[in-house]
Amino acid sequence: MKGPAPFSSRRDAGRKLAARFVGKNSGEPVILALPRGGVPVAYEVAKALHAPLDLLMVRKIGAEGWQEYGLGAVIDGDGPHLVLNEGIVRELAPNPNYIRAEMRRQLKEIKRRRLIYLGERKPLGLTDRNIIVVDDGIATGGTMRAALECVRKQGPRHITMAVPVAPPSTLNELAVLCDDMICLVSPANFGAVGNFYRDFRQTADSEIIRLMAELEQETASET
């Protein structure tokens, strides 16, 4: 990427993304963040829209002995969901018992992480709701694809994908999985997501816990 990075931080990107929703009728949306990096971005969107924020945790299921090949992903939410990469499943023909065991293992890790971030708070229901799915950026789109497919299975009224940056080719591929999308920067010569941030340090668990707690307190004070 030529020139200065357009975003100073994830919070800055979130504020700029939130500005794109000003004047739009978002219909009392539910904001879903993809941890870790998507949380500071989604926090700013949820704060601006006075909307509830939840986490949508995606864990990849790799092929047995070949973890870089993603058989699919398991996603938490109002009931866990398994999304398979049908092309790779046909090619590798994995043992169904392995997929089931790996799904259980990844769900256990999701449950552990959700407990760290949110305590005993239950996932928000998505049926017949307007959903905004937020991440800090997209490269190949595998995680976002799994997230959007999972959300669609839960019967929302409308899905908007909102990210600060993504390559045009990936946006085109994901367009069929959502009803609307907002992307602030989409250069043909993409590189990596981190190139578009001046500060792209990994989001700490402690920051996620703090932001989720702050927003929950703000939402409670408004009701």
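Rule-based calculations on the coordinates, nothing more; no lab input. All figures in this text were calculated on a predicted structure; none of them were measured in a lab. Here the Cβ is made from the backbone with ideal geometry for all residues, glycine too, and neighbour counts use every protein chain on show.
If the segment from VAL22 to ALA139 were pulled out straight at 0.36 nm per residue, it would be longer than the present Cα-Cα gap by 39.5 nm. Comparing mean-square fluctuations of SER26, SER169, SER206 from a GNM of the chain with C-alpha springs under 10 Å, the top value falls on SER206.
The dipole here belongs to the range 59-118: it is taken about the Cα centre, uses +1 on the Cβ of Lys and Arg and -1 on the Cβ of Asp and Glu, and is about 380 debye. For the chain, the antiparallel share of DSSP beta bridges with both residues in that region comes to about 35%. This model, with +1 at the C-beta of Lys and Arg and -1 at the C-beta of Asp and Glu, gives the range 41-93 a dipole about its Cα centre of some 80 debye. Applying 1/(1 + (r/R0)^6) with r as the Cβ-Cβ distance of ASN195 and ASN97 and R0 = 45 angstrom yields a FRET efficiency of 0.60. Label ARG157 and GLN217 with points 7 Å out from Cα along Cα→Cβ: what is the distance between them in nm? In this crude spin-label approximation the distance works out to 3.1 nm.
The range 141-210 and the range 18-41 have their alpha-carbon centroids 11 Å apart. Looking at the chain as a GNM with Cα springs under 10 Å, which of LEU32, LEU126, LEU115 has the largest mean-square fluctuation? With Cα springs under 10 Å in the chain, the top fluctuation among LEU32, LEU126, LEU115 is at LEU115.
For LYS60, the lysines whose Cα falls under 17 Å of its own Cα, not counting residues fewer than eight places away in the same chain, are LYS108, LYS111. Applying the criteria of a DSSP loop state and at most 15 other Cβ atoms within 10 Å to the GluC sites (Glu not before Pro) of the range 101-179 yields GLU120.
Screening the chain for DSSP H helices whose Cα atoms reach 20 Å or more along their own axis and whose mean Kyte hydropathy is at least -1.0 gives 205-222. Less than 5 angstrom separates the built amide H of ILE159 from those of ILE131, ASP179, ASP180, all sequence-distant by 5 or more or on a different chain.
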